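As structure tokens, the structure follows; a few thoughts come after it.
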Amino acid sequence: MDQIARFLRPAGGGIHTVSTGRRSREALQQTFYGARDADEVQAKWRTALASVGRAKVAVLGIPSDCGAGLARGAAFGPEGIRAALLRLCPDYSARAARAGILDVGDVFVVPQLLGDDMLSEEQRRWTRAALYGPAAAGDADLPVAPLSIAERVVDELLRVNPALRIFMLGGDHSVAWPVVAALGRRAAGAWAIVHVDAHTDLLPQRLGVRICFATWAYHANELLGRGGRLVQVGVRASSRSKQHWESTLGVRQFWADEVRARGGAVIDDVIRHLEELGIRSVYLSNDIDATDGAAAPSPPSMAPQPRPAAPASSGAERRQLTVMFCDLVGSTALSTRLDPEDLRDVIAAYHKCVAGVSARATTRCRPSGTDTCAPNRCHEPHSCGLRESTCTPSTQTATAPCTATSSSRSPRVVKNDST
């Protein structure tokens, strides 16, 4: 277990923090492990790690988004998912243990790196010294980049427990590759991948990068030997047609419009297709941007899902519109004095106060940062009793200490991969 622990950190600890985010991470870990301090977190994590050989499922976080496109933030996915689990199910850790589910922790990530094959030997030596100590700088067997470390971890976990199921939390979708690569070396018999995603991720390379969010599925398909063993569900953003991908790469696809039209019948077709191929083992890789935007908003780079057109109005109606705009005075100076987490809580309390006031008189309150814009639904300005003075206490109280908390970082492009 020492070899595996060398590459990992306790759950939620895969992102290196010095000050920003450190307190929230430590609070999450103490709750997750039922520990009083960092030393006890470390001790309980190592004790749990020693039970890998008896576990049924291993939860592994890979908090890396260096392989993403324009959007960043998926690196906070593993921490955010665990925090949400604890909110929804406070005794999650105990229940998971009873079910044979072991959280082995997070791959420790150097956020500027992706794969070892992209690094010079000099850079690898520097990073080995930083991660494992100066004496390890010359040990070429030690991986340093997130994808390379993750692949080694999965290899080690399956070596200790060949029957173990890997449930991986990402991270941008490049983090699926190390799990798939390790499974490919140990899979017994025919296996397949069901890939739920709005994109195909089927480029052989992107701007010269072999493994990233847009290419991992191509290489997974090659690893499987094509033949329809990569099944993609929910595609809706592609410069090529379904016929192109199926005919040139031998994948099987069920696009989003078909899923919307046929619903659960598509699942039956996926299962039937896999049975016809003699598949008995499946790795499921789920990208959140395939989820309906109403349930999980897509990242900024994702095209919105088409919606049925609203019926045409029989006639326009002209109304006078009053718009209230308010701002948190002194927020810029405040941001220089507070830690980001404390500032987030202040702004969340401010949004809550303003929303409560404006809800009495407006159809919608739209906060953005420290600004709030609220259109008035009344025909006449202030006819509902809302006055400028009404808003003044609300904006001021946000600068006082408060108990309101904002939601955790949304794992916007989080990849929740499971076997």
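The values are calculated or read from the model by the stated rules, or taken from the named source; none is laboratory data. This one's a predicted model, so the numbers in the text were calculated from it and none came from an experiment. FYI the Cβ positions are ideal-geometry reconstructions off the backbone, even for glycines, and counts take in every protein chain you see. The protein model used for the area step is the full one, side chains on, heavy atoms only, and it has no ligands, DNA or RNA in it. Shrake-Rupley method; radii C 1.70, N 1.55, O 1.52, S 1.80 Å.
Annotation note: trypsin sites (Lys or Arg not before Pro) in region 49-147 located in DSSP loop regions with a Cβ neighbour count of at most 12 within 10 Å are K56.
By the gyration tensor of its Cα atoms, with a ≥ b ≥ c the square roots of the eigenvalues, what is the shape of region 178-246: rounded for a/c under 1.5, prolate for a/b over b/c, or oblate?
Values: a/c = 2.03, a/b = 1.34, b/c = 1.52.
Oblate.
In the complete set of protein chains, residue-level accessible area for E276 is approximately 140 Å², probe 1.4 angstrom.
Compared with the direct C-alpha span, the chain from Q112 to D139 gains 7.6 nm at full extension, assuming 0.36 nm per residue. Neighbours of D106, meaning other residues whose beta-carbon lies under 10 angstrom from its beta-carbon, give a summed charge of 0 when Lys and Arg score +1 and Asp and Glu score -1. Under the convention that each Lys and Arg Cβ holds +1 and each Asp and Glu Cβ holds -1, the size of the dipole of region 84-232 around its Cα centre is about 420 debye. Cross-link partners of K44 among aspartates and glutamates, defined as those whose alpha carbon lies under 20 angstrom from its own and excluding same-chain residues fewer than eight positions apart: D2, E26, E79, D91, D103, D106.
Give me the dipole magnitude in Debye, nearest 20, for region 175-262 about the Cα centre, with unit charges on the beta carbon: positive for Lys and Arg, negative for Asp and Glu. Could you put the intermediate results ahead of the total?
Values: 12 positive and 6 negative charges, 22 e Å.
Here region 175-262 has a charge dipole of around 100 debye.
In this view, the solvent-accessible surface of I347, computed with a 1.4 Å probe and all protein chains in place, comes to about 40 Å². Averaging 1/r over each pair of different alpha-carbon atoms in region 240-286 and inverting the result gives 12.0 Å, the Kirkwood hydrodynamic radius.
Annotation: W126 carries an accessible surface of approximately 150 Å², with a 1.4 Å probe and no ligand, DNA or RNA atoms counted.
Protein chains only, probe 1.4 Å: how do E341, E40 rank by accessible area, largest first?
Working: E341 20, E40 40 Å².
Largest accessible area first, the residues go E40, E341.
Rounded to the nearest Hz, the phi-derived 3J(HN,Hα) couplings of region 166-172 under the Karplus curve 6.51 cos²θ - 1.76 cosθ + 1.60 (θ = phi - 60°) are 9, 10, 9, 10, x, x, 5, where x marks glycine and proline. Cα centroid separation, region 185-224 to region 264-295: 15 Å. Computed from point charges on the beta carbon alone (+1 for Lys and Arg, -1 for Asp and Glu), the dipole magnitude for region 1-127 about its Cα centre is near 460 Debye. Compared with the direct C-alpha span, the chain from A129 to E276 gains 47.9 nm at full extension, assuming 0.36 nm per residue. Once neighbouring chains are kept in place and the probe is 1.4 Å, which whole percent of the accessible area of region 126-190 is contributed by carbon and sulfur? That share works out to 54 percent. In straight Cα distance, which aspartates and glutamates are under 19 Å from K352, not counting same-chain residues fewer than 8 positions off? Correct list for K352: D327, E341, D342, D371, E388.
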